[in-house]
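So the structure is just underneath, and the comments pick up after that.
Read-outs throughout are calculated quantities, based only on the coordinates presented, and are distinct from any laboratory measurement. As the structure is a computational prediction, the values presented were derived from the model and not from experiment. Here the Cβ is made from the backbone with ideal geometry for all residues, glycine too, and neighbour counts use every protein chain on show.
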Amino acid sequence: MPSASTKASTSRVDADTVIDTDSRLAPSSPGYRRMSFALFAAGMATFALLYSTQALLPAISADFGVTAGQASWTVSAATGALALFVLPLSALSERFGRRTLMTVSLVVAVAVGLLVPFAPSIEWLVALRAVQGAALAGLPASAMAYLAEEIRPRALVAAIGLFVAGNSIGGMSGRIVSGWAAQAWGWRAGLAAVGVMALLCAMVFRLMLPKARHFTRGSLNPRALAKTVRGHLADPLLVRLYAIGALFMTVFGAVYTVIGYRLVAAPFNLPQGVIGSIFLVYLVGTVSSAAAGRLVARTGRRGALYLAVGTTAAGLLLSLADTLASVLIGLVLITAGFFAGHAVASSSVSRTAKTGRAQASALYQSAYYLGSSAGGTLGAVAFHAGGWAATVLLGLVAVLGVVSITLYGTRVARAELREGRRIGQRGVPAAAGQR
């Protein structure tokens, strides 16, 4: 019969074992590092392909003889199609698995990307870009759901921040590569270079991504899907997060769709290659999105959103000056604010949704890319009507919307807390009165 000391020792061992029963990936594990690198590569490919024509819009306009608004549809068609298809494709990920759907989506998008440079007209270019956007729709929401299932909760914001950082690197490198290739050999060569870069990223993604260990296969039930979607849309917090993502992306889409037209004209008169290099400011987005977890730990989620909003607004105002230095610093601030706000909002969606995480993330991505599509088109229209100042005004209106939503969310949270305390004082557990 074991002694008391043996029993105590066993209890301590058992206690130690219970402490770390979570088999999900932790930041210190090799699997976490492989996963981070794989999804970083996927994020690079996604943004490089999705916005591959953005830095080339002035050259596309000149070649096809179309306006800025017409050329902007080569961006808006891709983001709009992604927004429309992200929800149904996220449902497929519930049946076939996150890893499988992400792989298929990336392969199809890369294949279309290698065909895009051969588009014979603006209509064909817009159509191919729409197909490419629809293919990419299977990646963002599935990636968020994959992370929520495979990563420990405390590391989720940092992990999603790394995925978003891959977005920023892809957006930057794609624009730089396409800009310099276009300056040397034309915009078609620029798109071809982005396609090859995305192909390499897709190969890295498939080789490095660990197999899912916590995925539970679901069924393709349209009624169940509709019920899940209705439940998410009935959640006020999720709806606020979707609106915040859309508004942030409206600013970002408007600014980066139009900036090439501004810089190619007087007083800047920059060549295409230099304009492409302007997107080096995306490196700031890489840092701000990856640091979002630390920012939330210090200021809270709402505090982080307020800081992101203030940074974005300051960048918009600074970019009004007709000096290249002011425009560049403005772009740095806009980019830092956008990526920080996006990382906080998107990780909050994954944290808030307790069931149907893929659909919750898909709805966020739909709102996010609808914001991009709207921002790109409206930004180009505003620029045509009133110049850069009109585009900045559009961005400031969107930023004000984020502030209003965040302030409202703060008031609701405080009201719920007060109500919970009142219920607790009456002898009912406070948690019963709170979400």
_With a cut-off of 8 Å between alpha carbons and a minimum separation of six or more residues, what is the relative contact order of the range 229-357 in percent?_
32 percent
*Given 0.36 nm per residue, what is the gain on full extension from R418 to N269 after removing their alpha carbon distance, in nm?*
47.9 nm
*asked:* Relative contact order of the chain, please, whole-number percent, based on alpha carbon pairs below 8 angstrom and at least 6 residues apart.
replied: 24 percent
*Hey, rough spin-label estimate for R223 and K354, points 7 angstrom out along Cα→Cβ, what's it come to in nanometres?*
2.4 nm
*Over 19 Å [Cα-Cα, the range 343-400], rounded percent*: 45 percent
*the range 92-240: relative contact order in percent, alpha carbon pairs under 8 Å with at least 6 residues between*: 34 percent
*Note down the Stokes-Einstein diffusion coefficient of the range 314-384 in µm²/s, whole number, using a Kirkwood radius over alpha carbon pairs, 25 °C, and 0.890 mPa s.*
174 µm²/s
*Tilt of helix 73-96 relative to the longest C-alpha principal axis of the chain, in degrees (0 to 90, nearest 10)?*
30 degrees
*Over the range 217-303, what number does the Rg to Rh ratio reach, with both radii from the alpha-carbon atoms and Rh per Kirkwood?*
1.17
*Taking 1 over the mean of 1/r across every pair of different Cα atoms in the chain, what Kirkwood radius in Å do you get?*
22.4 Å
_the range 77-158: translational diffusion in µm²/s, Stokes-Einstein, Kirkwood Rh over Cα pairs, 37 °C, 0.692 mPa s_ = 245 µm²/s
*Mean projection of the alpha-carbon convex hull of the range 143-256 over all orientations, in nm²?*
10.1 nm²
*asked:* Over 22 Å apart: what share of the alpha carbon pairs of the range 278-435 falls there, rounded to a whole percent?
replied: 52 percent
